[in-house]
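What follows draws every value from the coordinates through simple rules; no lab data is involved. What you are looking at is a predicted structure, and each value in this text was computed from that prediction instead of being measured. Every residue, glycine as well, gets a Cβ built from its backbone with ideal geometry; the counts of neighbours run over all protein chains shown.
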Amino acid sequence: MASVGVQMMMVREKVATDGMMPVLDRIAGLGYDSVEVSQVPVTEANVSALERGRRDLGVKVAALSVALQKGPTATGDALDTDFAKVVDDCHRLGCSYLRIGMMPVTAMVTKAAVEDFARQCEEASQRLLAEGIQLAYHNHHVDFAKHDGETVFDIVRRLSPSLHFEIDVHWVQRGGKNPVDVLRDHAGQVELVHLKDYRIGVLPASALDLLAAGDKEGFSRAFAALVQFAEVGAGTLDFAGIIPAALESGAEHLLVEQDELYGRDVYDCLSDSIAHIRSLGF
C-alpha cells in the first residue's frame, strides 16, 4: 500500500519557527507516514532531524526536491552544483526519488527550450539512476500547452525516456485534462502523486463594486481568481476515482499538498485532507 504523506512546502514556516522534529511529530500524529521535502532548507541539522524522524516516528522521506541548475526559481540544491550532496542526502534518508518541482520559466516559452530542458533531464536521470535514484518531473498546467500539436509534457516524456513523473492532479485539472486519464497514461512512471483538490470559490461582493465602478479588468481578475487550491475532499475532484487510478498506475507515495490555505491553520487543513482520504478507505 502506498504511503500517505505531506508535501513539506505546506509546513515550511512551521519548520522555520518550531524546528523539524516537532513538525514531523505533529505530522505523524495526524496519521501521515511520509514527507516530501520541498522549500525547506536541506541543511545538516534538518537532514539529521529527518533521520531521527524516520527512525523514531516511522516517517519515511518519499522524495527530495532538486533543480537541474541554480536559478531565480531554483534556490535550493541543484544537480550542477550539489550532485554529491544530494546523492548522499538520499542515501542517508533511504530516499529513492528526487523530483524537479517545476521546469525553468525560460523553458516554457519555446519548443526548442522545452526540448533542451528535456534532454538535460535525460542526462541527469541517467546519472542518478547509476546511484540508485529515480528522477521525477512534477507537472503544472503549463505542461499541457502545445507546440506543433504536442504538449510540453509529451515533449519531455519523448526526449527523456528514463525520467518518471510526479502527477499533480490539481494542475492536471487546471490544464484541462482528466487526472484519472493522465495517471493511467503514465502507468509505471508515476511513483509520486500529489493529492490536491480543485475548488471554485464564491464571487466576492467586492467584485461587484469593481464592475459598478467600470473596472472591467479588475472584475475579470477577481472572476479568474475563483479557482482555488483546496483540502482533499473540499473541492470538485473525484478522489474516489483518482486514488485507485494512482495506485493501479504504480504510485508509492500519495502526497497531500495545498498551495494556498486562505487563512486556515496548516494542521487543520492537513487534518481535513487525511480524514477525507481515510473516509474513502485508504
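Key figures
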| read-out | value |
| --- | --- |
| 5 angstrom amide H check on Ser65, placed H, neighbours 5+ away | Val37, Arg99 |
| Sorted by Cβ neighbour density within 10 Å, fewest at the top, the residues Thr151, Thr81, Thr17 | Thr17, Thr81, Thr151 |
| Inter-centroid distance (Cα atoms) of region 133-179 relative to region 245-266, Å | 17 |
| Backbone HN-Hα couplings from phi across region 203-212 [Karplus 6.51/-1.76/1.60, Hz, Gly and Pro as x] | 4, x, 4, 4, 5, 5, 5, 4, 5, 5 |
| From phi via Karplus (6.51, -1.76, 1.60), per-residue ³J(HN,Hα) for region 174-187 in Hz, x at Gly/Pro | 5, x, x, 10, 8, x, 4, 4, 5, 4, 5, 5, 10, 3 |
| In Hz, Karplus ³J(HN,Hα) per residue of region 119-129 (6.51, -1.76, 1.60; θ = phi - 60°; x = Gly, Pro) | 5, 5, 4, 5, 4, 5, 4, 4, 5, 6, 4 |
| Tail fraction, Cα-Cα pairs, region 190-253, threshold 13 Å, whole percent | 68 |
| Per-residue Cβ neighbour rank within 10 angstrom, fewest leading, Phe153, Phe229, Phe83 | Phe83, Phe229, Phe153 |
| Semi-axes of the equivalent ellipsoid for region 7-113, Cα gyration tensor, largest first, Å | 27, 15, 12 |
| Full-extension gain in nm, Ala187 to Glu13, via 0.36 nm per residue minus C-alpha separation | 59.2 nm |
| Neighbour-count ranking [beta-carbon atoms within 10 angstrom, fewest first] of Arg184, Arg158 | Arg158, Arg184 |
| Rh (Kirkwood; distinct C-alpha pairs) - region 175-282, Å | 15.6 |
